[in-house]
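Asks: My questions all concern the structure below.
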Amino acid sequence: MVLFRKHISFLTTSILLGLMTLPNIGLVMMTNPAQAQTNSENPSTLTPDVQRSQVTPSYPASAPPPQVKPLPDERNLEERSIETDYRVSNLLKDFKGNLWVGYWRGLSRIDPKTGKILARVNLPNVAIGALAQDKVGRLWVGTYEGLKRVDPRTNEITAQNLFLPSKRVLSMLVDKRGYLWVGTDSGLALISPDQGLIMTTVKNLPGVSANTLTLDAEGQLWVGTLDGLVRVNTTNAYIMKRIDGLPGTTVQTLAISPEGLIWAGMANNLLVIDPKTDKVLRSVTPLRGRNVTAIKFAQDGSVWVGTNNGLLRLNPHTGALLDQVAGLPSSRVLALVPDISNKLWIGTSEGLAWLMPKMGGAKPHLAFTRAVK
């Protein structure tokens, strides 16, 4: 019994001593940091149950992070991007002598004398397939999402029509009565320019796609299709005649010469056709085997022909090659407008260019052309 009490007394004393000792250790470590640092640096002073890794952390070796290159500026990024489309697919001279430029990033009006941009039209869809101006000066814009009417005084969209045979507009023309003809990849429609509503459609158009339109001397409409030519009566929208069996079949562009002959640009040929006899008079020799994309007659009597591989000027009577234009932003010509401020304006797959008489080559319009390095 005496031994048991002595044992309890010893334990109690030890516990009390331990409780009293712990605060003293903490006090020493807090009040003497220099001593604590010395102990951590000297392994001989460490207690046996404390390992070095618990005091001095170690990290695995690794390579430094890669250096980050500076971000490119937006212009350089745009120039290098293959997604940026500089196609100038449509050009239109308006009644005031200004030039409308329809390109695949928007629609703009420029002063052809200076090249200055006068206005831009905010279009919800920038894939422009055709341009036309009606009798009272309103601008019609055919896009790949339908037809829109623009007031050139305010540059605002004032009407639209999305109920065409197809929303993909490829060609447009205003006839002698002032009505608007709209060609799509699924047919042809006649539109009221005042209301923007369809008046009628050409039923079962041979060749289906109305790729290009022009008027003959009698005011009747000629339509270039996937399968030759179709003549349409502009009064009642009835088909008057059809010329098929042409070499190459698909008509991509049309023009009427001062003599009233039809010039038809094909994917591999340029044909001259007499609309009265429906006969092919000739195949223009310099254009045989070439993809013809645009045709325009100039005031000097010559004819400009754009192809998928260059721009040429021909004598329309003999077919002789007069000029071949150098310096274009791209050899793929999409649109032509001659005789504006003594210039020929050229739309290409890589931007807009202009040419004046006696110039050695075409000059790009820098606002509509990919920058040349």
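Asks: Of everything in segment 193-218 that's assigned to a loop (DSSP other than H, G, I, E, B) and touching a Phe, Trp or Tyr at 6+ places or on another chain (Cβ under 7 Å), which residue is farthest from W263 (Cα to Cα)?
Replies: P193
Asks: I would also like to ask the following. For N122, indicate whether it is among the polar types (S, T, N, Q), at pLDDT 95 or above and closer than 26 Å to P193 by Cβ.
Replies: Taking the combined requirement at face value, the residue does not satisfy it.
Asks: H317 fails exactly one of the following numbered conditions: (1) open to solvent by 50 Å² or more (accessible area, probe 1.4 Å); (2) touching a Lys or Arg at 6+ places or on another chain (Cβ under 8 Å). What is the number of that condition?
Replies: Status for H317: all satisfied but (2).
Asks: Quick check on segment 84-101: of everything there that is in contact with a Leu (Cβ under 7 Å, 6 or more places away or on another chain) and without any contact (Cβ under 8 Å) to a residue 40 or more places away in the chain, which residue is surrounded by the fewest Cβ atoms within 10 Å (Cβ to Cβ)?
Replies: Filtering first and then ranking leaves N98.
Asks: Among the residues of segment 103-114, which ones are out of contact with any helix residue (DSSP H, G or I) (no Cβ under 8 Å at 6 or more places or on another chain) and open to solvent by 10 Å² or more (accessible area, probe 1.4 Å)?
Replies: Matches in segment 103-114: W104, R105, R109, D111, K113, T114.
Asks: Residue under question is D111, and the condition is that it be over 24 Å from T201 (Cβ atoms), charged (D, E, K, R), more than 16 Å from the chain's Cα centre (by Cα) and modelled with pLDDT of 95 or more; does it hold?
Replies: yes
Asks: Of all residues being surrounded by fewer than 17 Cβ atoms within 10 Å (Cβ to Cβ) and among the aliphatic types (A, V, I, L, M) in segment 209-229, which is nearest to D274 (Cα to Cα)? Just the residue, please.
Replies: Here the answer is A217.
Asks: In segment 212-235, is there at least one residue being of a type in the set (D, E, K, R), more than 20 Å from F163 (Cα to Cα) and within 30 Å of the chain's Cα centre (by Cα)?
Replies: yes
Asks: Go through (1) open to solvent by less than 50 Å² (accessible area, probe 1.4 Å); (2) under 18 Å from Q133 (Cβ atoms) one by one and return the number of the condition G187 breaks.
Replies: It fails just one condition, (2).
Asks: Which residues, counting only those in segment 230-259, are in a loop (DSSP other than H, G, I, E, B) and open to solvent by 20 Å² or more (accessible area, probe 1.4 Å)?
Replies: Hits for segment 230-259 are N233, T235, N236, Y238, D244, G245, P247, G248, T249, T250, P258, E259.
Asks: Next question, about the same structure. Show the residue pairs that are 6+ apart or on different chains and have beta-carbon atoms under 8 Å apart, the first residue being within segment 268-294 and under 12 Å from I243 (Cβ atoms) and modelled with pLDDT of 95 or more, the second being polar (S, T, N, Q) and open to solvent by less than 60 Å² (accessible area, probe 1.4 Å).
Replies: The qualifying pairs are L271/S283.
Asks: Condition first: charged (D, E, K, R) and closer than 15 Å to A119 by Cβ. Now tell me which residues in segment 85-104 satisfy that.
Replies: Those that are charged (D, E, K, R) and closer than 15 Å to A119 by Cβ: D94, K96.
Here is a yes/no grid of residues against (1) surrounded by fewer than 18 Cβ atoms within 10 Å (Cβ to Cβ); (2) under 23 Å from the mean Cα position of the chain (by Cα); (3) charged (D, E, K, R):
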residue	(1), (2), (3)
K135	yes, no, yes
W140	no, yes, no
S171	no, yes, no
S192	yes, no, no
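Asks: Which of the strands (runs of 3 or more DSSP E) contained wholly in segment 327-373 include at least 1 residues that are touching a helix residue (DSSP H, G or I) at 6+ places or on another chain (Cβ under 7 Å) and open to solvent by less than 20 Å² (accessible area, probe 1.4 Å)?
Replies: In segment 327-373, 351-355 are the strands (runs of 3 or more DSSP E) which contain 1 or more residues that are touching a helix residue (DSSP H, G or I) at 6+ places or on another chain (Cβ under 7 Å) and open to solvent by less than 20 Å² (accessible area, probe 1.4 Å).
Asks: Test of understanding: among G301, G306, G310, which residue is of a type in the set (G, A, S) and over 15 Å from V337 (Cα atoms)?
Replies: G310
Asks: Conditions: (1) touching a strand residue (DSSP E or B) at 6+ places or on another chain (Cβ under 9 Å); (2) part of a loop (DSSP other than H, G, I, E, B); (3) closer than 17 Å to S331 by Cα. G289 meets all but one. Number of the miss?
Replies: Of everything listed in (1) touching a strand residue (DSSP E or B) at 6+ places or on another chain (Cβ under 9 Å); (2) part of a loop (DSSP other than H, G, I, E, B); (3) closer than 17 Å to S331 by Cα, G289 misses just condition (1).
The values are calculated or read from the model by the stated rules, or taken from the named source; none is laboratory data. Since this is a predicted model, take the numbers as computed values, not measurements. With ideal geometry, Cβ positions are generated from the backbone for all residues, glycine too; neighbour counts draw on all protein chains shown. The accessibility values were calculated without ligands, DNA or RNA, using every heavy atom of the protein model including side chains. Shrake-Rupley method; radii C 1.70, N 1.55, O 1.52, S 1.80 Å.
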